Amino acid sequence: MPPPPKALPEGTVIDTWLGLPAAALLASLVGLFAGGAAVMAWLALRSPVRERVRSLTGITESVFASAAVLFSLLAGFLASDIADRNHRAWRAVNAEAGAIASLFALGRSSGAPEIDRPLKAYAEAVASDEWREMARHRHSPQAEAALHALMRQASDPGLAAKIPPPVHAAILSAVLRLGEARADRLAVALDRTARIQWLSVLVLGLVTQLTITLVHLEYPRAHIAAAAVFALAVIVALWPIALQETPFSGTLGITAEAFRREAARIAPGE
């Protein structure tokens, strides 16, 4: 069984931003891009340096097209990475919950209910403690200790002597699958490689807004309209992507319901 990934350092500004509630996340995007468009329009039309800005008149639309294509590609790659991470998260959670269900069924059918206690402790530790820790990009020592206790129980010679060898082999195999699925889940939860991509997307979005200003210096009304449409498009595109960035927390995050359900199936004290 692979060891759980190490906890990462405390979160960055991007981590804090991505951890905002859905409404606050939307408001921050509106403030960034609508505010950026307003500042750029003010610089070009009303500011004391507007004449210097207008001296840049003559920049062609190809500059905006180049920036917009780069922004679209980077945002598309980011969305694809996040969708793949969420798929891996769902797969790991389903595999882990399935392994718990298999262990419960094997223990009951083979007359070995002593495996129920550490199994229930593990499911409860994941649901009550590790899910909360994953939101902080950490794993739970309590869940890890419960998993080790389950592994010790499954490999106990007394249990091996009590049940048929094929059943014991199936129990050991299910415990190993459980550990591997947990490691996969934690690898997804602790993955923050997309943070630099988010910074690049946001900065490139503002750069694209700047090119709109530069291309439309001679046409104030067209400048305002183009900047407003682009800001709206960026907000509509990035908000749902940002909501899915953290697969185990937030509005669209995967809940620990599968582990609570499996823990509830095991009667206390067995």
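Observations on the structure shown:
- Pairs meeting the criteria (first residue in the range 16-38 and farther than 23 Å from Arg192 by Cβ and of a type in the set (Asp, Glu), second residue modelled with pLDDT of 95 or more and part of a loop (DSSP other than H, G, I, E, B), beta carbons under 9 Å, at least 6 apart or on different chains) are lacking.
- Pairs with Cβ under 9 Å, 6+ apart, first in the range 185-206 and among the aromatic types (Phe, Trp, Tyr), second outside any helix (DSSP H, G or I): Trp198/Glu245
- Filtering the range 171-179 for residues that are closer than 19 Å to Thr255 by Cα, out of contact with any Pro (no Cβ under 8 Å at 6 or more places or on another chain) and not hydroxyl-bearing (Ser, Thr, Tyr) leaves a non-empty set.
- Odd one out for Asp129, checked against (1) in contact with a Pro (Cβ under 9 Å, 6 or more places away or on another chain); (2) touching a residue at least 24 places away in the same chain (Cβ under 8 Å); (3) closer than 27 Å to Ile254 by Cβ: (2)
- Neighbours by Cβ (under 8 Å, 6+ apart or cross-chain): first from the range 112-123, without any contact (Cβ under 8 Å) to a residue 60 or more places away in the chain; second assigned to a loop (DSSP other than H, G, I, E, B): Ala112/Ile163
- Here Ser155 clears all of (1) more than 30 Å from Thr57 (Cβ to Cβ); (2) of a type in the set (S, T, N, Q); (3) touching a residue at least 24 places away in the same chain (Cβ under 8 Å) except the condition numbered (3).
- Hits in the range 116-158 (condition: surrounded by fewer than 20 Cβ atoms within 10 Å (Cβ to Cβ) and among the basic types (Lys, Arg)): Arg117, Arg132, Arg136, Arg138, Arg152
Condition check ((1) part of a helix (DSSP H, G or I); (2) among the aliphatic types (A, V, I, L, M); (3) over 21 Å from the mean Cα position of the chain (by Cα)) across all residues:
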{"site": "Gly58", "(1), (2), (3)": "no, no, yes"}
{"site": "Val69", "(1), (2), (3)": "yes, yes, yes"}
{"site": "Ala83", "(1), (2), (3)": "yes, yes, no"}
{"site": "Arg88", "(1), (2), (3)": "yes, no, no"}
{"site": "Gly98", "(1), (2), (3)": "yes, no, yes"}
{"site": "Phe104", "(1), (2), (3)": "yes, no, yes"}
{"site": "Arg108", "(1), (2), (3)": "yes, no, yes"}
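- Within the option set Ala187, Ala222, Ala264, Ala233, being assigned to a helix (DSSP H, G or I), hydrophobic (A, V, I, L, M, F, W, C) and surrounded by 15 or more Cβ atoms within 10 Å (Cβ to Cβ) holds for one residue only, Ala187.
- Within the range 52-92, being over 30 Å from Gly253 (Cβ atoms) and of a type in the set (Lys, Arg) holds for Arg52, Arg54.
- Entry remark, the range 190-219: residues being within 16 Å of Phe71 (Cα to Cα), part of a helix (DSSP H, G or I) and of a type in the set (A, V, I, L, M, F, W, C) number 11 in total.
- Leading residue by the ranking (farthest from Ala227 (Cα to Cα)) among those in the range 57-79 that are hydrophobic (A, V, I, L, M, F, W, C) and surrounded by fewer than 12 Cβ atoms within 10 Å (Cβ to Cβ): Leu73
- When the range 109-159 is filtered for residues that are closer than 30 Å to Ile14 by Cα and polar (S, T, N, Q), the ones remaining, listed by number, are Ser128, Ser140, Gln142.
The values are calculated or read from the model by the stated rules, or taken from the named source; none is laboratory data. All figures in this text were calculated on a predicted structure; none of them were measured in a lab. FYI the Cβ positions are ideal-geometry reconstructions off the backbone, even for glycines, and counts take in every protein chain you see.
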